[in-house]
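This report refers to the structure that appears directly beneath it.
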Amino acid sequence: MYVCICNAVSERDVHTCVAAGASSTRQVKNACGWKPGCGSCTSRLAEVIGQARTAAAADVNKATAA
């Protein structure tokens with residue numbers, strides 16, 4: 001699903017940026033090459049970053065437990 005229609009950035013793109021070390025909306029926007037648009041995606045972007053960080057932490061916990 002798209003997080004930002006103006007820049008054609010998907011949830012997968014955001015998860016990839018977070019996995020590469022981006023941890024804020026600004027860092028993800030820079031990593032994805034986001035250009036200024038309508039701005040309506042910023043709250044959704046923050047939500048998806050939170051989901052990606054939670055998923056990454058769960059992966060680390062699984063790897064540690066194994």
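The values are calculated or read from the model by the stated rules, or taken from the named source; none is laboratory data. Just so you know, these numbers come straight off a predicted model, no measurement behind them. Cβ placement follows ideal geometry from the backbone for every residue including glycine, while neighbour counts extend to all protein chains displayed. These area figures cover heavy atoms from the full protein model, side chains too; ligands, DNA and RNA do not enter into them. Shrake-Rupley method; radii C 1.70, N 1.55, O 1.52, S 1.80 Å.
Quick notes on this structure:
- Some residue of the stretch 11-27 being open to solvent by 30 Å² or more (accessible area, probe 1.4 Å), without any contact (Cβ under 8 Å) to a residue 12 or more places away in the chain and more than 20 Å from Thr54 (Cβ to Cβ): no
Residue-wise test of (1) outside any loop (DSSP other than H, G, I, E, B); (2) at negative phi.
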site: Val3; (1), (2): yes, yes
site: Cys6; (1), (2): no, yes
site: His15; (1), (2): yes, yes
site: Gly21; (1), (2): no, no
site: Ala46; (1), (2): yes, yes
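- Test result for Ala31, in contact with a Cys (Cβ under 6 Å, 6 or more places away or on another chain), of a type in the set (Gly, Ala, Ser), modelled with pLDDT of 90 or more and open to solvent by 40 Å² or more (accessible area, probe 1.4 Å): yes
- Within the stretch 1-45, considering residues that are over 23 Å from Ala58 (Cβ atoms) and of a type in the set (D, E, K, R), the one nearest to the chain's Cα centre (by Cα): Lys29
- Residue pairs meeting the criteria (Cβ under 7 Å; at least 6 apart or on separate chains; first under 16 Å from Ser23 (Cα atoms), in the stretch 33-62; second among the charged types (D, E, K, R) and open to solvent by 90 Å² or more (accessible area, probe 1.4 Å)): none
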